[in-house]
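One structure is given below, encoded as structure tokens.
The values are calculated or read from the model by the stated rules, or taken from the named source; none is laboratory data. A quick note: this is a predicted structure, and the numbers were derived from the prediction, not measured. Backbone-built Cβ (ideal geometry, glycine too); neighbour counts: all protein chains shown. The protein model used for the area step is the full one, side chains on, heavy atoms only, and it has no ligands, DNA or RNA in it. Shrake-Rupley method; radii C 1.70, N 1.55, O 1.52, S 1.80 Å.
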Amino acid sequence: MENKNKIQTIRSLVSKIGFEGRSLLSINDLTNEQIYGLFELAMKLEPWNRSMVPLVTGNVMSTLFFQPSTRTRMSFETAMHRLGGAVISEANPLVTSSAAKEESLSDMLKVVSKYANIIVLRHFDDRGAREAAPYSESPIINGGWGHWEHPTQALLDLYTLYRTFGRVEGLKVCIASADLIEARTGHSMAYGLARLGAKVTLASPSAKRTPQEVLDKIHEIGIQVEEVFDLNQDTFNELIMGMDMIYLPGCSAPKGPEAEAFKQVMDSYLVRYETLAKVAAEQSRIIYVTHTLPRRAGEMDLRIDNTPHQLYFEAIAYSVAIRMALICAILGV
Ligand code: CP
């Protein structure tokens, strides 16, 4: 009886969210009400994120990943299995699909959407992905496109924040990276945080600041974010003492001769364990740290892993529930 009531609630939440049949290309495709609706739905689904609730039986998800992934592909596939759906996957389509025979992405999406009710696409070329998406006859979820956006990573990180603090509004969050041009998760998260009323600080080298297009869009919705440039490790650690959360979005690192110089810039954005411990001791306050992962050797102080400051592994568990919620909202239950 209790499960029956929960499923009734899930149905009414899906209907209230009103996202059935829609694609999620950008975090801005969702209204604030829809984001909060997804949080509410995810909380209802959390009890099943290690078991199964047959809400989308008979539906097929296709995961097409033109770039490597551990978390995004596996958590979407886990979420679909937990909901009783099936998955068909291409984890290396440039080798194992007809993309290797130069089939266009638009043809591929047109074909795969004849099989699958929903497609999760990761692609290195965001412009190409955006141009090809309308050819799909099924809803598409952006699983990370070029340097543009990674909306479901932002959604899961916003959900983690919401589950940790019980709110997003008013929280002070610093998004920090050696390269905020290429940090697609940083772009989606900046939109999401700003729209939900967090106080956002963007810390990066001035040469690698957040793209103007992202800043313009945030300003268009009447929100101010602060930018801080060219900090060193000392000044960065001073800055983060005033934050509630530090958000470290992964970005591509150059290889070859530029790699060493990039590592040195990355070092300026190292969150010191001592900084977090000092604030905890002096102010009885936890500064949380999250990283979208994967992280590189030396990028983080690993002592944070086993402390209450760590949110990056907590977010992995929340990712399944919020992706279950998104799948239900798109497919209906
Ligand atoms: N955070 C993230 O997108 O991880 P993957 O590249 O492993 O999917």
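Write down the Å³ per residue value for the convex hull defined by the alpha carbon atoms of the range 63-112.
It is 73 Å³ per residue.
Would you kindly derive the ³J(HN,Hα) couplings of the range 260-273 from the backbone phi angles with the Karplus curve 6.51 cos²θ - 1.76 cosθ + 1.60 (θ = phi - 60°), listing them in order in whole Hz, with x for Gly and Pro?
Listing the rounded values in order: 5, 5, 5, 4, 5, 5, 4, 4, 5, 10, 7, 7, 7, 4 Hz.
Given H placed on each backbone N at 1.01 Å, which residues far from Phe124 in sequence or on other chains put an amide H within less than 5 Å of it?
Close amide H contacts, sequence-distant or interchain: Gly146.
Ranked from highest to lowest mean number of other Cβ atoms within 10 Å per residue, what is the order of the peptides 63-72, 134-143, 320-329?
320-329, 134-143, 63-72
Taking only pairs that are 8 or more places apart or on different chains, how many Lys pairs in the chain have Cα atoms under 14 angstrom apart?
Within the chain, the lysine pair count is 4.
Sorted from largest to smallest, which semi-axis lengths in Å does the alpha carbon gyration tensor of the range 152-316 give for its equivalent ellipsoid, taking the root of 5 times each eigenvalue?
21, 21, 15
Can you give the extra length, in nm with one decimal, that the chain gains between Leu293 and Lys114 once fully stretched, where that is 0.36 nm per residue apart less the Cα-Cα distance?
Here the segment from Leu293 to Lys114 would lengthen by 61.1 nm.
Under a plain spin-label model, where a point goes 7 Å from the Cα along Cα-to-Cβ, how far apart in nm are Ile316 and Glu102?
A separation of 4.2 nm, rounded to one decimal place.
What residues have an amide H closer than 5 Å to that of Gly250, excluding those fewer than 5 places away on the same chain, when H is modeled at 1.01 Å from N in the peptide plane?
Thr292, Leu293
For the range 27-37, take each phi angle, set θ = phi - 60°, evaluate the Karplus expression 6.51 cos²θ - 1.76 cosθ + 1.60, and give the result in whole Hz per residue in order, putting x for glycine and proline.
Result, ordered by residue: 4, 6, 6, 9, 6, 4, 5, 5, 4, 5, x Hz.
Using a probe of 1.4 angstrom, how much of the accessible area of the chain is carbon and sulfur, in percent?
50 percent
Report relative contact order for the range 152-316 in percent, whole number only (criteria: Cα-Cα under 8 Å, sequence separation at least 6).
RCO, the range 152-316: 24 percent.
How high is the relative contact order of the chain, in percent, counting Cα pairs under 8 Å that sit 6 or more residues apart?
21 percent
Taking only protein heavy atoms and a 1.4 Å probe, what accessible area per residue, in Å², does the chain have with all protein chains in place?
Accessible surface, normalised per residue, equals 43 Å².
What value does the chain have for Rg/Rh, both radii from Cα atoms and Rh as Kirkwood defines it?
Here Rg/Rh amounts to 0.97.
Arrange the peptides 149-159, 119-129 so that the one whose residues have, on average, the most other Cβ atoms within 10 Å appears first.
Packing proxy ranking, top to bottom: 149-159, 119-129.
Give a residue-ordered list of calculated ³J(HN,Hα) values for the range 190-206 (Karplus: 6.51 cos²θ - 1.76 cosθ + 1.60, θ = phi - 60°; whole Hz; x for Gly, Pro).
Result, ordered by residue: 4, 4, x, 4, 4, 5, 8, x, 6, 9, 9, 10, 9, 10, 6, x, 4 Hz.
If you average the C-alpha positions of the range 169-200 and of the range 255-333 separately, how far apart do those two centres end up, in angstrom?
Taking the Cα centre of each part, the range 169-200 and the range 255-333 sit 13 Å apart.
Enumerate the amide H contacts of Glu227 below 5 Å, restricted to partners 5 or more residues apart or on another chain; note that Pro and chain-start residues carry no placed amide H.
Excluding prolines and chain starts, which carry no amide H, the hits are Leu202.
Place the peptides 34-45, 4-15, 306-317 in order of packing, highest mean first, counting for every residue the other Cβ atoms within 10 Å and averaging per peptide.
34-45, 306-317, 4-15
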